[in-house]
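Report on one structure; see the data block that follows.
The values are calculated or read from the model by the stated rules, or taken from the named source; none is laboratory data. None of the values given here were measured: they were computed from a predicted structure. FYI the Cβ positions are ideal-geometry reconstructions off the backbone, even for glycines, and counts take in every protein chain you see.
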Amino acid sequence: MGNIYVAHLVVVVVVFCFLPCLCQGDSDDATTSDVYVVTLRHAPVSHYYGGLRREVNGFKDAAAAPGRTQFNKPRRYGNITKTDKRYGSYISRVHDSLLKKVLNGEKYLKLYSYHYLINGFAVLVTQQQAEKLSRSSEVSNVVLDFSVRTATTHTPQFLGLPQGAWFQDGGFETAGEGVVIGFVDTGIDPTHPSFDDNKYEKPYPVPAHFSGICEVTRDFPSGSCNRKLVGARHFAASAITRGIFNSTQDYASPFDGDGHGTHTASVAAGNHGIPVIVAGHHFGNASGMAPRSHIAVYKALYKSFGGFAADVVAAIDQAAQDGVDIISLSITPNRRPPGVATFFNPIDMALLSAVKQGIFVVQAAGNTGPSPTSMFSFSPWIYTVGAASHDRVYSNSIFLGNNVTIPGVGLAPGTDESKLYKLIHAHHALSNDTTVADDMYVGECQDAYKFNKSLIKGNLLMCSYSIRFVLGLSTIKRASETAKNLSAAGVVFYMDPFVIGFQLNPVPMKMPGIIIASTNDSKVLTQYYNSSLEIDAVSKKIVKFGAVATICGGLKPNYSNVAPKVMYYSARGPDPEDSLPHEADILKPNLLAPGNFIWAAWSSVGTDSVEFLGENFALMSGTSMAAPHVAGLAALIRQKFPNFSPAAIGSALSTTASLYDKSGGPIMAQRSYASPDQNQPPATPFDMGSGFVNASGALNPGLVFDSGYDDYMSFLCGINGSAPVVLNYTGQNCALYNLTVYGPDLNLPSITISKLNQSRIVQRTVQNIAQNESYSVGWTAPNGVSVKVSPTHFCIGSGERQVLSVLLNATLSSSVASFGRIGLFGNQGHVVNIPLSVMVKISSNTTTS
C-alpha cells in the first residue's frame, strides 16, 4: 500500500530467462498483446510435500483425532530443494511444450514458469491467443494480469516489547532468532546498518531451512547479503514486457530505489539500537519488532509504476520455495478482483498454497479508508492489518507578536525563544529582476536567486505551501535551502487556501521552520501579517514590516494518552466476497498495529519521499507501516511456538488484542478525511478487527482457534457457483469436500454474519496450549440480537479442545450493522476476546429499524 507521507490523497537470469522463449512464426497478427497468468490442471510441487500434520499423544497422524494435540508446520524435507528444482525444471519444459503446441507458429513471450505454489506460467499473448490457451484441456484458468500498488524508534516501547515479549524470550539479542521473514516489496538497501550482521557479539545463526540465494548485479554487488539479509531477488518481467521499466530509476536488481521496502523490512526485523539521525538531528534509536530474525527480499514493486500480479505471484512462489516462515505484503491490488468472489485472484490463491506450506501471511489493509467496505485485503487465510496511531507525536508552533500561538508541524529546531523576528513574505522580498507576474510560483521559495537577501537576512521567510508540494513539484527541502542561502533566521510555510483537507507528516528541516497545516490557522497568520504592514500612501510600497514571531521548534516528541486510534486512511470492513455486500462473513481487518509517524530505515537513494532523499531514516505513515509490525511480532510467536499453524499464530494475535487506549477508554476511530480529529466515535470491529495488537499477550494466548487448508477449501467450495473456479485454481474437485463451510462457520477468532435470518447457531473450537485451566464465558450481544453461548463454564486440560456453541436470534429487523463480544475468562489470567458483528437482521417480529 502506498505510504501516507505528505498528504491524503544466481538470479538476474530469473527475470530475463524468458528471452530464449520468444517464439516467432509467420504470423503478422497486429492485435494488442497483454500479460496473462495461466494455471494448469496438474498440481504444483507444494501439493506433493508437506501439509499440516498433527501429533496425537506423541504419534504422527495425518487425520484429526481427539486428545492431546500439538500444532505443526508442514515437514521440511531434507531433500525437498533438490527434488523441487528437478521437478520445477521439468514443469517449465511442460509449459514450453504446451505453448508451442497451442500457439504453433505464433508469437508469444513466456515470462515466468510457476511451479511451487501454483502450476502455471505468465505469458505475453493477444486476447485471441489467450482464448486458445483457455480452450486447451490441460489449462484450467487464464486471468489477465492486473496492477498492484504499495500500500521505528518508539513503537517497541509503546507495544511493551523490552519488558514484555522480548524479556520473555531472553531480550532483544535473541528476539526472532532463526525465523525468516520474506518481504514482497520495493527491495532493500543492503548497506543500511539496520541489516548488518555484525551488530551483536553473538553471531547470527544460518537458518538451516532456508535455501534462497542473493542476486549479484552492479548495484547489488557480491557481499550485499549476509547472515541477517539471507536472500534477495527481483521480479520485473511483466513490467519489462510493457515497456515501462526504467532500469536506471527502478534498478534491475533487489536494490531499493524507492525506500518503501527498506522501511518495511526494518520495521519488522531491523537491528536493535540503530541511531536515527535525520537532517542532523537525533531522534532516538530504532529497532525492528524481531531484531534477531532474518530477512529475505523479493522485489516486485517499483517507484515509477508500482507492480503487476504476474511479478508478485512469481515473488511469492519463490519465497515459499526458498523456505521463508512469514511473508509480509505491504501491497494491495488497484481494483477489486472481478468474478465469483474476490478470493479468486492469482495473488490470494498463491498465498493459500503458501499457507498450506505453513507460512504465515500478513498484508496491509490498504489506505483507502475511512469509507465502509474499502478493504483491499480479502481472504480469511491472509492476516490483514489496519493502521493506528501510537502515543508519540511531534508538534511545532509559532508564537506571534499579538500573543497568538499557532500550531503546526515540522521536525525542525526553534528560533531563540527570547527574541521575536520579523516576518517577511516571499512576495515582498523579491529581487529587482523578479515579479509575481513573471513567476506565479515564486511564493513557494524554490529559488534563492529570485529574492533580496539583504531584506530577508536575520528574519523569518514566509512561503506558500500549495498543491505543487503535494505533487512533488516543489519541496520543503528546496525552500529550506533557499531560506538558508538567504541567511534567514527561519522559514514559515502557510497553507494555500485552495489546499483543503490535507494531513501532513512532520517534515525534517535543518534550520528553524514550521508548516502551518490548517488553512484557517494560515488565515490567522496572513491576516496578522497584512495588518502589521505599513504602506506608503503615495508609492504603495512597504515602508515597515511590523509582524514579528518566534518558532518554538518540533524536535522533541510529546506523548499522548489518546492512543491508539484508528487512522482515517486505514481501510475498513466489512469484507464482501464480491462487489455487493450481500455476503460479508469474514472479519476484516483482523487487527490494528502502529502505522502512523513510523521512523524506520530508508534507502540511501530512496525517492518515495522527496523530503527524506539522502537520509538514512524516514518518518512514514500508512497501513504499509502497520503490516510489518505484525510480521515481526509473528516471528516472535513462531520462535516460541515453532509448531503453530498460520491460523494459530493469527489466533494468538487476535484473541489477545487490546480494546482500550492508554487512558483506559475505548479505542476511537477517525472517520473524516478532511478533519479527522473532529469526528472520532468508538471503533467497531469493521474499523479495528479484534483490536490493537498486544505483543506480550500474543505470546501467552491460553486458547487458540485453528484452521487449515481443507477448511479454507471447504469455505471456497461453499460459495455459490465457485466449484469450476476452485477446480481451475487448485486442480481439486469440490466433490472431495463433502462438508461445505460457510464464512461464519470457519473456525476464526471472530464471528461475522452478513445476514441473520431469524436465528443461527455458530460453533467454534478452541484448543488449550497452556496449563489446565477453568474458563467462564461472558458476552455482550449486538443491538437487535440475543446471544446465548454454551457451555458457560468449562475446564480444559493442556492440549485439549472445547467446542463452543453460539446461538444468535434476531430480535428486531434492521439493516444497520451492530456489534458485540464474547469473552472467555480463565482462572489463570488468560482472556480470550471474540468480536461479534451482525449486519442485516431479519426478525420474526414486525419491529423494524
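Only one of P380, P346 is modelled with pLDDT of 90 or more and not basic (K, R); which?
On inspection, the qualifying residue turns out to be P380.
When you scan the stretch 306-324, do you find a residue that is charged (D, E, K, R) and more than 24 Å from F644 (Cα to Cα), even just one?
yes
Check whether at least one residue in the stretch 322-337 is of a type in the set (V, I, T), over 30 Å from T684 (Cα atoms) and modelled with pLDDT of 90 or more, and report yes or no.
Within the stretch 322-337, one or more residues are of a type in the set (V, I, T), over 30 Å from T684 (Cα atoms) and modelled with pLDDT of 90 or more.
Which members of the stretch 601-634 meet the condition of being among the small types (G, A, S) and either closer than 30 Å to G358 by Cβ or in contact with a Leu (Cβ under 6 Å, 6 or more places away or on another chain) (or both)?
A601, G622, S624, A626, A627, A631, G632, A634 - these are the residues of the stretch 601-634 that are among the small types (G, A, S) and either closer than 30 Å to G358 by Cβ or in contact with a Leu (Cβ under 6 Å, 6 or more places away or on another chain) (or both).
I'd like to know if the stretch 389-401 contains one or more residues that are under 43 Å from the mean Cα position of the chain (by Cα), in a loop (DSSP other than H, G, I, E, B) and at pLDDT 95 or above.
Checking the stretch 389-401: not a single residue is under 43 Å from the mean Cα position of the chain (by Cα), in a loop (DSSP other than H, G, I, E, B) and at pLDDT 95 or above.
Criterion first (within 28 Å of A593 (Cα to Cα) and crowded, with 24+ Cβ neighbours inside 10 Å) does D250 satisfy it?
The answer is no for D250.
Go through the stretch 765-795 residue by residue and tally those that are more than 29 Å from the chain's Cα centre (by Cα) and either part of a strand (DSSP E or B) or outside the structural domain of G820 (by TED's automatic domain parsing) (or both).
Count: 20.
Scan the stretch 796-829 residue by residue and report those that are within 33 Å of the chain's Cα centre (by Cα), surrounded by fewer than 21 Cβ atoms within 10 Å (Cβ to Cβ) and outside any strand (DSSP E or B).
S815, V816, G829
How many of the residues making up the stretch 635-672 are among the charged types (D, E, K, R) and touching a Leu at 6+ places or on another chain (Cβ under 8 Å)?
Count: 1.
Just to be sure I understand the filter: pairs with C-beta atoms under 6 Å, separated by 6 or more residues or on different chains, first member in the stretch 477-492 and within 9 Å of C463 (Cβ to Cβ), second member assigned to a loop (DSSP other than H, G, I, E, B) and hydrophobic (A, V, I, L, M, F, W, C). Which pairs pass?
A479/C445; T482/C445
Any residue at all in the stretch 257-270 that's buried (at least 24 other Cβ atoms within 10 Å of the Cβ), under 23 Å from D322 (Cα atoms) and acidic (D, E)?
No: the stretch 257-270 contains no residue that is buried (at least 24 other Cβ atoms within 10 Å of the Cβ), under 23 Å from D322 (Cα atoms) and acidic (D, E).
Could you list all residues from the stretch 226-252 that are modelled with pLDDT of 95 or more and touching a Gly at 6+ places or on another chain (Cβ under 8 Å)?
Within the stretch 226-252, V230, G231, A232, R233, H234 qualify.
Please give the helices (runs of 4 or more DSSP H) falling wholly within the stretch 456-558 in which 2 or more residues are exposed (fewer than 14 other Cβ atoms within 10 Å of the Cβ) and in the same structural domain as Q446 (by TED's automatic domain parsing).
Those helices (runs of 4 or more DSSP H) span 519-531.
Looking only at helices (runs of 4 or more DSSP H) that fall completely inside the stretch 69-175, which ones have 3 or more residues that are out of contact with any helix residue (DSSP H, G or I) (no Cβ under 8 Å at 6 or more places or on another chain) and either at pLDDT 55 or above or under 20 Å from L352 (Cα atoms) (or both)?
80-102, 127-134
Quick one: how many residues across the stretch 189-229 are in contact with a Leu (Cβ under 7 Å, 6 or more places away or on another chain) and β-branched (V, I, T)?
0
If I ask for residues that are modelled with pLDDT of 85 or more and in contact with a helix residue (DSSP H, G or I) (Cβ under 6 Å, 6 or more places away or on another chain), which ones from the stretch 734-750 would you list?
C734, V741, L746, P749, listed by residue number.
Which of (1) over 23 Å from L587 (Cβ atoms); (2) surrounded by fewer than 19 Cβ atoms within 10 Å (Cβ to Cβ); (3) not aliphatic (A, V, I, L, M) is the odd one out, the single condition E773 does not satisfy?
If we test E773 against (1) over 23 Å from L587 (Cβ atoms); (2) surrounded by fewer than 19 Cβ atoms within 10 Å (Cβ to Cβ); (3) not aliphatic (A, V, I, L, M), just (2) comes out false.
Residue pairs, Cβ under 6 Å, 6 or more apart or interchain, first in the stretch 201-212 and farther than 16 Å from I359 by Cα, second surrounded by 11 or more Cβ atoms within 10 Å (Cβ to Cβ). List them.
As it stands, the answer is Y204/D197; Y204/R227; Y204/K228, since those pairs meet every condition given.
Suppose we filter the stretch 747-761 for residues that are part of a strand (DSSP E or B) and either under 20 Å from M713 (Cβ atoms) or under 31 Å from the mean Cα position of the chain (by Cα) (or both); how many remain?
Of the residues in the stretch 747-761, 5 are part of a strand (DSSP E or B) and either under 20 Å from M713 (Cβ atoms) or under 31 Å from the mean Cα position of the chain (by Cα) (or both).
Restricted to the stretch 302-318, and to residues that are of a type in the set (A, V, I, L, M) and within 19 Å of P337 (Cα to Cα), which residue is surrounded by the fewest Cβ atoms within 10 Å (Cβ to Cβ)?
Of everything passing the filter in the stretch 302-318, A309 is surrounded by the fewest Cβ atoms within 10 Å (Cβ to Cβ).
Return the residue satisfying two criteria in turn: it lies in the stretch 421-437 and is touching a helix residue (DSSP H, G or I) at 6+ places or on another chain (Cβ under 9 Å) and in a loop (DSSP other than H, G, I, E, B), and of such residues it is farthest from C552 (Cα to Cα).
Result: D433.
Take the residues of the stretch 345-388 that are in a strand (DSSP E or B) and of a type in the set (S, T, Y): which is farthest from the chain's Cα centre (by Cα)?
Y383
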